[in-house]
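Q: After the C-alpha cells below, expect a handful of questions from me.
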Amino acid sequence: MTVKSTKVETLPIRSGDDVVRVRQRVRALAIEIGLGLVDQTKFVTAASELARNALDYGGGGEVRAEIVQAGMRKGLRLTFEDQGPGIADIEQAMTDHYTSGGGLGLGLGGAKRLSNEFHIESTPGAGTRVTIARWK
Amino acid sequence: MDRIPILKLGGVLIVTIQVDMHDRLALALEEDLTAMIVRTGARAVLIEISALEIVDSFIGRMLVSIAAVSRILDADTVVAGMRPAVAITLVELGLELTGIKTALNVERGMALIQSRLAEEEEDGCGGDREVHEG
Ligand SMILES: Nc1ncnc2c1ncn2[C@@H]1O[C@H](COP(=O)(O)OP(=O)(O)OP(=O)(O)O)[C@@H](O)[C@H]1O
Ligand SMILES: [Mg+2]
C-alpha cells in the first residue's frame, strides 16, 4: 500500500534544550494522530533516545517529522539524521548494554522495541540516519 | 545555574522532579544529593517523579547512579509516583532500576522507608530481646 506524507516538519537537535523540544513536538503530533497515552509515551521515549544519540555521538543533527497515511491508517514517522562519525558496527551498537560513551546502551535497542518500524543506516565518516514509525 | 531543591524530613531527603531534566541539572542533582547525604547522615532518598511524562535511558541512568552512590553511603533510594504509562515503557526500553525501590506515591514511599528503618533498628537490638525473653 502506498504511504502518503500529509505533514512534514524539521526540528534541529543542537542542544539538550532541543532534545526537550523534540519530545514536546513528538508528543503533540502523537496526540494529533490519535495515539493513546501508552503509545504516545513509548514513541516520545524512543524519540528522546534517538535525539540524544544524534546530539551526543553525532555532534548534533535534525529530525524530520511526518504524519503518514496508508489507506485509513495514520502514523507518525521520524527521521533522525546527523553528519557525525557514523557507526562502524551497527550490530554491536544495536546490542543491549553496548555503549561507547558510559551510557546504559539501551537507546537504540529500546527505540526499536518502542516503535513499529525501525531502520538504521550509517556510513562511517559521513553520518547516521535512523527512521522510526508508530502506527495508530 | 538552576538546581533542584532538596528537602530534609527527619532522616529522609526528598526531591521532586518537576522539570524536563537536562544534563547539567541531572549532574547537579546527583552532586547535591551526595553532598547532603554525607552532611546530614540521611538514611534514605525519596525521589518523586509523578510530573515526568517520560523516563528515558538518560533519566534512568541518573536514578540508578543516585541509588548506587546512596547505597555506598548507607542510604536507601525510593522512587515514588511513576506514571503507569512510564512504567510500561520502561519495561520495553529494557531499563531495570537496579537497587531502587518504587512506591505509588510519596506517602507510601515514606511508609516504606519508615518500615525499613524500623526493621533495621529491631535487627540491631534483636540479641537483647532474646535475652529478655529467655
Ligand atoms: N548517531 C550516532 N552516531 C554515532 N554513533 C552512535 C549514534 N547513535 C548511537 N551510536 C553508538 O551506538 C552506541 C549504542 O547507542 P545506544 O543509544 O544504544 O546506547 P548509549 O547511547 O551508549 O547509552 P544510552 O542510550 O542507554 O544512554 C553508542 O554508545 C554509540 O557508540
Ligand atoms: Mg543512547
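Q: Let me spell it out: the conditions are (1) farther than 20 Å from A:GLU9 by Cα; (2) buried (at least 18 other Cβ atoms within 10 Å of the Cβ), and A:GLY36 meets all of them except one. Which number is the exception?
A: All conditions are met except number (2).
Q: Restricting attention to segment B:22-77, and to residues there that are among the basic types (Lys, Arg) and under 12 Å from the mean Cα position of the chain (by Cα), which single residue is farthest from B:THR89 (Cα to Cα)?
A: The selected residue is B:ARG43.
Q: Here's another thing I want to ask about it. Output the residues belonging to segment A:79-98 that are in contact with a helix residue (DSSP H, G or I) (Cβ under 6 Å, 6 or more places away or on another chain), more than 9 Å from every other protein chain (Cβ to nearest Cβ) and over 17 Å from A:GLY125 (Cα atoms).
A: Residues satisfying the conditions are A:MET94, A:TYR98.
Q: Which members of segment A:47-61 meet the condition of being more than 11 Å from ligand 2 (Cβ to nearest atom) and either acidic (Asp, Glu) or touching a Lys or Arg at 6+ places or on another chain (Cβ under 8 Å) (or both)?
A: If the condition is that a residue be more than 11 Å from ligand 2 (Cβ to nearest atom) and either acidic (Asp, Glu) or touching a Lys or Arg at 6+ places or on another chain (Cβ under 8 Å) (or both), then A:ALA47, A:GLY60 are the ones that fit.
Q: Ok, one more. Looking at segment A:52-67, can you tell me whether even one residue there is buried (at least 18 other Cβ atoms within 10 Å of the Cβ), closer than 23 Å to A:LYS7 by Cα and without any contact (Cβ under 8 Å) to a residue 40 or more places away in the chain?
A: no
Q: If you don't mind, another one. Do you know which residues across segment B:7-16 are surrounded by 19 or more Cβ atoms within 10 Å (Cβ to Cβ) and over 12 Å from the mean Cα position of the chain (by Cα)?
A: none
Q: Now for a different question. Counting only residues that are surrounded by fewer than 22 Cβ atoms within 10 Å (Cβ to Cβ) and under 23 Å from B:MET82 (Cα atoms), which one in segment A:20-33 is nearest to the chain's Cα centre (by Cα)?
A: A:ARG23
Q: Can you spot a residue in segment A:80-98 that is among the aromatic types (Phe, Trp, Tyr) and away from ligand 1 (no atom under 11 Å from the Cβ)?
A: Looking for residues that are among the aromatic types (Phe, Trp, Tyr) and away from ligand 1 (no atom under 11 Å from the Cβ), one finds none in segment A:80-98, hence no.
Q: For segment A:92-128, which residues satisfy the criterion of being among the aromatic types (Phe, Trp, Tyr) and away from ligand 2 (no atom under 13 Å from the Cβ)?
A: Within segment A:92-128, A:PHE118 is the sole residue that qualifies.
Q: To continue, here is another question. Please find, within segment A:104-123, the residue that is farthest from B:MET62 (Cα to Cα) out of those that are more than 9 Å from ligand 1 (Cβ to nearest atom) and of a type outside the set (Asp, Glu).
A: A:THR123
Q: Residue by residue through segment A:115-135, note down the ones that are under 22 Å from A:SER5 (Cα atoms), outside any strand (DSSP E or B) and more than 10 Å from the chain's Cα centre (by Cα).
A: Once the filter is applied, which keeps residues that are under 22 Å from A:SER5 (Cα atoms), outside any strand (DSSP E or B) and more than 10 Å from the chain's Cα centre (by Cα), segment A:115-135 yields only A:ASN116.
Q: Step by step: first the residues of segment A:105-131, then only those that are touching an Asp or Glu at 6+ places or on another chain (Cβ under 6 Å) and within 19 Å of A:GLU62 (Cβ to Cβ), then the one that is nearest to the other protein chains (Cβ to nearest Cβ). Which residue is that?
A: A:GLY107
Q: Out of (1) within 14 Å of chain B (Cβ to nearest Cβ); (2) under 17 Å from the mean Cα position of the chain (by Cα); (3) near ligand 1 (Cβ under 9 Å from one of its atoms); (4) in contact (Cβ under 8 Å) with a residue 40 or more places away in the chain, the odd one out for A:GLY101 is which?
A: Here A:GLY101 clears every test but (2).
Q: Just to be sure I understand, how many residues within segment A:7-23 are away from every other protein chain (no Cβ under 14 Å) and modelled with pLDDT of 95 or more?
A: Of the residues in that region, 4 qualify.
Q: Also, quick follow-up: Against the condition at the interface with another protein chain (Cβ under 10 Å from one of its Cβ atoms), of a type outside the set (Phe, Trp, Tyr) and out of contact with any helix residue (DSSP H, G or I) (no Cβ under 9 Å at 6 or more places or on another chain), how does A:ASP39 come out, does it pass?
A: No; evaluated as a whole, the condition is false for this residue.
Q: With the requirement that a residue be touching a residue at least 12 places away in the same chain (Cβ under 8 Å) and of a type in the set (Gly, Ala, Ser), what does segment B:27-52 give you?
A: Hits for segment B:27-52 are B:ALA28, B:GLY41, B:ALA42, B:ALA44, B:SER50, B:ALA51.
The values are calculated or read from the model by the stated rules, or taken from the named source; none is laboratory data. If you're wondering where the values come from, they're calculated on a predicted model, not measured in any experiment. Here Cβ is always computed from backbone atoms with ideal geometry, including for glycine, and neighbour counts include all displayed protein chains.
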